[in-house]
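One structure is given here, and the rest of the page talks about it.
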There are 4 protein chains.
Amino acid sequence: MAGGESTARRDRRARSEHETEFARIVAFSDGVIAIAITLLVLNLDVPDVHSNDGEALARALADLGPHLFAYALSFAVVGRLWLVHHRFFATLQGFDGRLMIANLTYLALIVLVPFASDLLGTYGENEVAVMTYAAILGLAALVNVLMISYAMREDLVSAADRRATAPFATARALVTPGVFLVSIPVALVSPVAAQLIWLLAFVSVRFQRRAGSI
Amino acid sequence: MAGGESTARRDRRARSEHETEFARIVAFSDGVIAIAITLLVLNLDVPDVHSNDGEALARALADLGPHLFAYALSFAVVGRLWLVHHRFFATLQGFDGRLMIANLTYLALIVLVPFASDLLGTYGENEVAVMTYAAILGLAALVNVLMISYAMREDLVSAADRRATAPFATARALVTPGVFLVSIPVALVSPVAAQLIWLLAFVSVRFQRRAGSI
Amino acid sequence: MAGGESTARRDRRARSEHETEFARIVAFSDGVIAIAITLLVLNLDVPDVHSNDGEALARALADLGPHLFAYALSFAVVGRLWLVHHRFFATLQGFDGRLMIANLTYLALIVLVPFASDLLGTYGENEVAVMTYAAILGLAALVNVLMISYAMREDLVSAADRRATAPFATARALVTPGVFLVSIPVALVSPVAAQLIWLLAFVSVRFQRRAGSI
Amino acid sequence: MAGGESTARRDRRARSEHETEFARIVAFSDGVIAIAITLLVLNLDVPDVHSNDGEALARALADLGPHLFAYALSFAVVGRLWLVHHRFFATLQGFDGRLMIANLTYLALIVLVPFASDLLGTYGENEVAVMTYAAILGLAALVNVLMISYAMREDLVSAADRRATAPFATARALVTPGVFLVSIPVALVSPVAAQLIWLLAFVSVRFQRRAGSI
């Protein structure tokens, strides 16, 4: 029966199936990232104080400060990674098994963020917590850059988008993962300095964006 | 190669890519809001009583009253905010980086609602819990109004929808965030009065809606 | 500017916007139901036994029996409610504010199912737990029937689907919510009998389906 | 009114409705799988040590090793099952009530994975934990094969995809569920050997894939 189809019709079929599959991968990735970012709220535990004591509750909420910082930071980082991921996927004209596996690895690292964030909120001045957070986020950002440069090399990025996507596959793109990974030894000396470096990285990323690309 | 495309074809491509990107932002936002609203159920803990004692279980469930109130209120507020958000996004003909960041900020506040709701359910008569809840919901509603007026000013709302959207970018639109924010000092005197004000705000919002707009 | 659009073009625009909005409501509902059904797994707690003692772990897992029963029942009921909900929404040619509010109410009840299911798994032989479960599921099924009959009355169901949808808006459709609500007083006498009635209801619903409708 | 529609128009309507319904089933399945895979992170608990003691935190994180292994394994298995599921659904030209129920059963098993994974992470050397994990994953993989062979038999797979899908409905397709199910008695003797068998199964599945099919 398939033999009865004209080539044109089969092509249309193939393209439409391909688009459906592609849409599902995008939707699945978005779903996982959306859930991971929302699970961050579970790290904020309602404190346990005497129920009518306003001052005690205010103090207990103030003690959540480090957890709120970790929440805001993680929400911003994952939100930004999602933006880059979705812009990258919008430029793809195809994908293969390796990109699929790389994408799943990327998602597996993103899903670890609520855990890393809880660790950072609980032990923000402990170098091991800061190093773990930097390692997970740095690896996620690194896999992202590797995915983009692989897609560029394998011609999976549509011709029209190659110029705009190129900077994300060069050494300059390694700034974001690099900053996280460089902060790991820094945290050994000063956990606070490592976290300041992350904030600087964000500013630099913004600057890069202003300067032209994506 | 891209140079070979006719202008019309490139326009169609751009529009279709733009729509795909837009659809992903909408889907991501909806996903985050859907997850946040569903996580509200985790605030309802199964009570711990002797397993065959019906009366004890009934009393323990009755004690969940304040948690059920917080659940119903938060579900209604987030449900309504979702409605406004989705109507607003349906009117957009474009978006830019700032709107994207504003939207992520909005989502970061919505994701805090399960925490705020748990706080309100646990410490409903404590002024600090009521003020925290009002601050988070008030900020979310405020960011919403700011997003809409920004989109109006930057011509991101499609011409056909400008008239219907206009009221949501005027001083009158500040009623919802205003009520939440005004209830903060009220809660200092009476947490119960602050919560009554919220319920009144809902009635007023309904009235506004009946009176014409969205 | 909008005045410049031809009527036909405006109609197409309106229809397309309407479809986009509709798709978002459907996606949001599906998202909430998918999350609620998946959160059911959080009710299964890994037991606490000595780590190398296989027999103790086997016994502890066997003790999870009532929780597994509640999991399977709730997954089946919510799965079935989702099927009916999605078939009903597929027949809609329009919706209004009331249907939107009814749908949010319906979702608010579905979101309570993980809590109700945890209660049933923990206190399966306690009449109050069984009654609470029956009340939440019965109300959800009732709101569902009310939504369908409202949509029929207000002509929101497309002409082509009215015949197939009609049985879901008649007294016969009240069987499912009715069974849950009738089981409430039964549970006062025998919690086990009430649960048997639920299983019978499922068989009857299957029979109805075989007999013709949706 | 429906009587007034031409046959062709009614056909188009039916097809479009059918596609909408189908898209919702796919989206719901993807949603459930995405949530289940993301909930895996909740099995990683932030350890409880003195807040400034880096070495103690490092040791406590190292103790999470078995949980991280369970996380990586479960993410990979569910990720792979999702890939197969989404490729299979892309080949469907129709579905019926039985396939729907089989799909819900499949999802109910996938939703159990976070529990099974927590069990494996907590009691990785306990034969009962390993057997439970193997049983749940083996059943999920088995239901998957049964769905595919049912769809082949009932002509629900589109003609163009029958050849590519066929290997997934033969005895060879039973390798994956078979390996999990065979590992159950092996775990009685050696839980470690059972887990090695799972890793081998993955290699074999990869090999099969390279060798041609899907």
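Some observations on this one:
- Check on A:G178, of a type outside the set (D, E), touching a Leu at 6+ places or on another chain (Cβ under 9 Å), surrounded by fewer than 18 Cβ atoms within 10 Å (Cβ to Cβ) and in a helix (DSSP H, G or I): yes
- Of all residues making up the stretch C:106-161, the number that are more than 30 Å from B:D53 (Cβ to Cβ) and among the hydroxyl-bearing types (S, T, Y): 4
- Enumeration of residues in the stretch B:21-33 that are free of Cβ contacts under 8 Å to residues at least 40 places away in the same chain and facing chain C (nearest Cβ under 9 Å): B:A23, B:A27, B:G31
- Residues in the stretch A:163-174 that are within 12 Å of another protein chain (Cβ to nearest Cβ) and in contact (Cβ under 8 Å) with a residue 40 or more places away in the chain: A:A164 only.
- Hits in the stretch B:109-146 - residues which are within 7 Å of another protein chain (Cβ to nearest Cβ) and not β-branched (V, I, T): B:L112, B:P114, B:F115, B:D118, B:L119, B:Y123, B:E125, B:N126, B:E127, B:A129
- Which numbered condition B:Y106 fails, given (1) within 14 Å of chain C (Cβ to nearest Cβ); (2) crowded, with 23+ Cβ neighbours inside 10 Å; (3) farther than 30 Å from B:V46 by Cβ: (1)
- Residues of the stretch C:183-197 satisfying the condition of being assigned to a helix (DSSP H, G or I) and either small (G, A, S) or modelled with pLDDT under 90 (or both): C:S183, C:A187, C:A193, C:A194
- Pairing each residue of the stretch D:177-195 that is closer than 22 Å to D:N144 by Cβ with any residue that is outside any helix (DSSP H, G or I), provided the two are 6+ apart or on different chains, yields C-beta distances under 8 Å for D:Q195/D:G124.
- Residue check: A:Q93 meets all listed conditions (1) open to solvent by 30 Å² or more (accessible area, probe 1.4 Å); (2) at pLDDT 95 or above; (3) among the polar types (S, T, N, Q) but one, namely (2).
- Subset of the stretch C:145-161 (residues that are of a type in the set (S, T, Y) and closer than 14 Å to C:I101 by Cβ): C:Y150
- Scanning the stretch C:41-62 for residues that are within 7 Å of chain D (Cβ to nearest Cβ), part of a loop (DSSP other than H, G, I, E, B), more than 16 Å from D:P114 (Cβ to Cβ) and open to solvent by less than 70 Å² (accessible area, probe 1.4 Å) returns a single hit, C:S51.
Conditions (1) surrounded by fewer than 21 Cβ atoms within 10 Å (Cβ to Cβ); (2) assigned to a helix (DSSP H, G or I); (3) of a type outside the set (D, E, K, R); (4) at pLDDT 55 or above, marked per residue:
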{"position": "D:G3", "(1), (2), (3), (4)": "yes, yes, yes, no"}
{"position": "D:A8", "(1), (2), (3), (4)": "yes, yes, yes, yes"}
{"position": "D:R15", "(1), (2), (3), (4)": "yes, yes, no, no"}
{"position": "D:E19", "(1), (2), (3), (4)": "yes, yes, no, yes"}
{"position": "D:G31", "(1), (2), (3), (4)": "no, yes, yes, yes"}
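- For the stretch B:34-57, a residue qualifies if it is free of Cβ contacts under 8 Å to residues at least 60 places away in the same chain and of a type in the set (G, A, S), and the qualifying residues are B:A34, B:S51, B:G54, B:A56.
- Some residue of the stretch A:155-170 being part of a helix (DSSP H, G or I), modelled with pLDDT of 90 or more and within 18 Å of the chain's Cα centre (by Cα): no
- Applying the condition of being open to solvent by less than 20 Å² (accessible area, probe 1.4 Å) and closer than 18 Å to A:L119 by Cβ to the stretch A:192-202 and asking which residue is farthest from the chain's Cα centre (by Cα) yields A:A194.
- Extreme residue, farthest from C:A141 (Cα to Cα), among residues of the stretch C:69-80 that are without any contact (Cβ under 8 Å) to a residue 60 or more places away in the chain, out of contact with any Ser or Thr (no Cβ under 8 Å at 6 or more places or on another chain) and more than 9 Å from every other protein chain (Cβ to nearest Cβ): C:F69
- Top-ranked residue of the stretch A:109-152 - restricted to ones that are of a type in the set (S, T, Y) and open to solvent by 20 Å² or more (accessible area, probe 1.4 Å), ranked as nearest to A:T165 (Cα to Cα): A:S149
The values are calculated or read from the model by the stated rules, or taken from the named source; none is laboratory data. Quantities reported herein were computed from a predicted structural model and do not represent experimental measurements. Methodologically, a virtual Cβ is constructed for each residue, glycine included, from the backbone with ideal geometry; neighbour enumeration extends over all protein chains shown. Accessible surface is based on the protein model in full, side chains and every heavy atom, while ligands, DNA and RNA are left aside. Shrake-Rupley method; radii C 1.70, N 1.55, O 1.52, S 1.80 Å.
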